[in-house]
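The values are calculated or read from the model by the stated rules, or taken from the named source; none is laboratory data. Quick caveat, the model's predicted, so the values are computed rather than measured. Don't worry about glycine lacking a Cβ; one is built from the backbone with ideal geometry, like all the others, and counts go over all protein chains shown.
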Amino acid sequence: MRLTFALGVVALCLLAAPGPDAVAVEPARQTGVERGVLPIRWTAESPDCAAAPAFLVHEYNPTFYILRQSGCTNFEKPFLYLLLGTKEALLVDTGAAGARVSTVVEELLRRHSQRQRTPVLSLLVVHSHGHSDHTAGDADLRQTPGARVVAASAEALAKFFAIKNWPREIAQHDLGDRVLDIVPIPGHEAASIAIYDRRTGTLLTGDTVYPGRLYVRDAGDFVESVGRLVEFTATREVVHVLGAHIENTRTPYLDYPRGTTFQPEEHVLELGRAHLLELQDALRQMGSGINRRSFRDFTVWPFGQ
């Protein structure tokens, strides 16, 4: 079932109950990891932008929302994540230019408040990294009552999360009955972080790991960061690895060209720990000379190549 409605200048498309294009996640009960549902596709049925919502909003479960910005507003089509605790909500990234995410988030928080019969949660905003297609909504969200926006810099993140040894120290943040692990992973960008949600076993990796072109700016940092993710996930339940874009097609080794706005045959969003191991192994084989190389589900792509 799909429900479409307007929110001011932003149209929000909400995927409600699981349908034939959804895949249920059923982790082992003894882990205590909450189940969730992912859709098979994140694209509109038509390239026509006339009626396209600015954001597609998917309810993974009642306290975890995934937002995908429309290619009609910006070709980057980033994914944003909203996690809800009992004390506050966390928004990971604020999107690219061309759409206003604050209205969408405010509506989701209002609906959650009504569902729980509790006050509207305050909002904490952080970023997977500091590139403009993930920070464009910052100024608008800073005007939202009750919202705190942490600047997308290593210094600001280290201060906010009390990380004394950046990037080698892992921090924790509790949203209220929802503990998150904050893992610094520079290499794509100096302020890159991964966020692990213990409740769902989901690892959010921004632009460091996703089905697409993994742009490497600092090779040494990137190699260390991938190793940090492999080590971190060795002792944790990882249901999904979710990045900030989809650039690959369903055809192995094939990506969509940069600037593509409509991707009807795109790869699924979710990756797994096996992809972290595959990436680590590839980087080890490359040694000190990281070069562009395509794999089944992603491409290692040093800047400037």
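At a glance:
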| item | result |
| --- | --- |
| Pairs where the first residue, in region 82-106, is among the acidic types (Asp, Glu) and the second is surrounded by fewer than 19 Cβ atoms within 10 Å (Cβ to Cβ) and outside any loop (DSSP other than H, G, I, E, B), C-beta under 8 Å, 6+ apart | 88/122 |
| Pair list, Cβ < 7 Å and 6+ apart or interchain, from region 270-293 residues that are without any contact (Cβ under 8 Å) to a residue 24 or more places away in the chain to residues that are part of a helix (DSSP H, G or I) | 293/282 |
| Output for region 21-50, where each listed residue is under 22 Å from residue 206 (Cβ atoms), part of a strand (DSSP E or B) and either modelled with pLDDT under 85 or under 14 Å from the mean Cα position of the chain (by Cα) (or both) | 25, 38 |
| Residue that is surrounded by the fewest Cβ atoms within 10 Å (Cβ to Cβ), among those in region 200-210 that are under 13 Å from residue 222 (Cβ atoms) and either among the polar types (S, T, N, Q) or free of Cβ contacts under 8 Å to residues at least 12 places away in the same chain (or both) | 205 |
| Residue count for region 243-264, restricted to those that are within 18 Å of residue 294 (Cα to Cα) and assigned to a loop (DSSP other than H, G, I, E, B) | 11 |
| Tally of residues being farther than 22 Å from residue 63 by Cα, in contact (Cβ under 8 Å) with a residue 12 or more places away in the chain and in contact with a strand residue (DSSP E or B) (Cβ under 7 Å, 6 or more places away or on another chain) across region 112-160 | 3 |
| Pick from region 28-68, criterion touching a strand residue (DSSP E or B) at 6+ places or on another chain (Cβ under 8 Å) and of a type in the set (Val, Ile, Thr), ranking: farthest from residue 269 (Cα to Cα) | 63 |
| Answer from 247, 265, 231 - the residue that is surrounded by 15 or more Cβ atoms within 10 Å (Cβ to Cβ), out of contact with any His (no Cβ under 7 Å at 6 or more places or on another chain) and acidic (Asp, Glu) | 247 |
| Positions within region 56-79 being touching a residue at least 60 places away in the same chain (Cβ under 8 Å) and of a type in the set (A, V, I, L, M), in sequence order | 66 |
| Given (1) among the charged types (D, E, K, R); (2) more than 23 Å from residue 124 (Cβ to Cβ); (3) out of contact with any helix residue (DSSP H, G or I) (no Cβ under 8 Å at 6 or more places or on another chain), number of the condition residue 178 does not satisfy | (2) |
| Only one of 135, 144 that is under 28 Å from residue 36 (Cβ atoms), touching a Gly at 6+ places or on another chain (Cβ under 9 Å) and either surrounded by fewer than 21 Cβ atoms within 10 Å (Cβ to Cβ) or not hydrophobic (A, V, I, L, M, F, W, C) (or both) | 135 |
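This table checks each residue for (1) at pLDDT 95 or above; (2) within 19 Å of the chain's Cα centre (by Cα); (3) closer than 19 Å to residue 183 by Cβ.
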{"site": "222", "(1), (2), (3)": "yes, yes, yes"}
{"site": "241", "(1), (2), (3)": "yes, yes, yes"}
{"site": "249", "(1), (2), (3)": "yes, yes, no"}
{"site": "268", "(1), (2), (3)": "yes, yes, no"}
{"site": "271", "(1), (2), (3)": "yes, yes, yes"}
{"site": "277", "(1), (2), (3)": "yes, no, yes"}
